[in-house]
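Here's the structure we're looking at; comments come further down.
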Amino acid sequence: MLVALSLMVIVLLGGTLLFTQNLRTGGLTEVDLRVNSSARAIFDELERTLRFGEIIRVGESRRDDCLSAASSGVSGSSLVVETLSGVETEYSLSNQKVASVSGDNPEPFYLGGDDVAVNSLDIKWFCQSGISDKINLEISISSTVLGTGVTITKTVSRDILLLNGSIN
């Protein structure tokens, strides 16, 4: 009876450990998908605005500054774009979210999910006379697996070729 009880405890303990490990792995996978999905949503929204809009400013740098910098480009953590409808929209980091504020709506609209934190937003604007402008967006985004304290952080970037108002 003691041997049978010992074997049952070993089997139950092994099963419990396997079950716990499986839950943790599933939680990590879910958070990884959440981080990727939020990053993609942020990039897609910015790309829609940037591709056909006209860059007004990156950080404090305007077009003349960008042209002077030539192939080295100018950097900043905020971006102002004039959309096709003539409305200026500013994107910047606020409360660990990418905030969008436009002339139409002064209240910030936050890009990405509520369960992720955007740790950094880096924007680099490349422009040269006669060549289409390019923007490189890089964000660091993170989320925590519930109940574990494990945080997944990813840094992702995307280059966007601008189509409107960029060739001089």
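None of the figures in this text is laboratory data; all of them are computed from the coordinates on show. What you see is a predicted model, and the numbers here were worked out from it, not measured in a lab. Every residue, glycine as well, gets a Cβ built from its backbone with ideal geometry; the counts of neighbours run over all protein chains shown.
The table below gives the values:
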item: Neighbours by Cβ (under 7 Å, 6+ apart or cross-chain): first from segment 30-43, closer than 12 Å to Thr153 by Cβ; second among the aromatic types (Phe, Trp, Tyr) and buried (at least 18 other Cβ atoms within 10 Å of the Cβ); result: none
item: Some residue of segment 21-34 being under 18 Å from Leu111 (Cβ atoms) and in a helix (DSSP H, G or I); result: yes
item: Candidates Ser140, Ser120, Ser77, Ser71, filtered to the one that is among the polar types (S, T, N, Q), over 30 Å from Val31 (Cα atoms) and in contact with a strand residue (DSSP E or B) (Cβ under 7 Å, 6 or more places away or on another chain); result: Ser71
item: Residue ID - surrounded by the fewest Cβ atoms within 10 Å (Cβ to Cβ), chosen from residues in segment 124-143 that are closer than 15 Å to Ala39 by Cβ and among the aliphatic types (A, V, I, L, M); result: Leu137
item: Selection count where residues are buried (at least 17 other Cβ atoms within 10 Å of the Cβ) and within 15 Å of the chain's Cα centre (by Cα), scope segment 99-112; result: 4
item: Subset of segment 49-75 [under 15 Å from Gly86 (Cα atoms), assigned to a helix (DSSP H, G or I) and free of Cβ contacts under 8 Å to residues at least 60 places away in the same chain]; result: Thr49
item: Boolean, Leu93 is assigned to a loop (DSSP other than H, G, I, E, B) and not small (Gly, Ala, Ser); result: no
item: Neighbours by Cβ (under 6 Å, 6+ apart or cross-chain): first from segment 92-108, farther than 20 Å from Gly59 by Cβ; second in a loop (DSSP other than H, G, I, E, B); result: Asp104/Val87
